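Taking it in order: structure first as structure tokens, then the write-up.
The values are calculated or read from the model by the stated rules, or taken from the named source; none is laboratory data. Note that the coordinates shown come from a computational prediction; the quantities given were computed from them, not determined experimentally. Cβ: placed from backbone, ideal geometry, glycine included. Neighbour counts: every protein chain shown. Heavy atoms of the whole protein, side chains included, go into the accessibility calculation; ligands, DNA and RNA do not. Shrake-Rupley method; radii C 1.70, N 1.55, O 1.52, S 1.80 Å.
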Amino acid sequence: MGRTVAATGEILVWWGLLTGGWLVLIGTVDPLECFVGAGSALLAAVAARAARRAMGER
């Protein structure tokens, strides 16, 4: 259970940072832009966690 909470927490932190960066960099903030940015940030957050785990297991 602890690993799941840690993984979820890490992904949420990555997602928050990436979504925040996206919102800072775009010019206009409309609902579609926010939805696309949040979805892309979630995919990138999962990839970042997977990459960190892959590098840590060496």
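Residues that are open to solvent by less than 60 Å² (accessible area, probe 1.4 Å), at pLDDT 90 or above and either aliphatic (A, V, I, L, M) or touching a helix residue (DSSP H, G or I) at 6+ places or on another chain (Cβ under 7 Å) (or both) within region 7-36 comprise A7, E10, I11, T19, listed in sequence order. Of the candidates V29, V24, V36, the single residue that is not in a helix (DSSP H, G or I) and not acidic (D, E) is V29.
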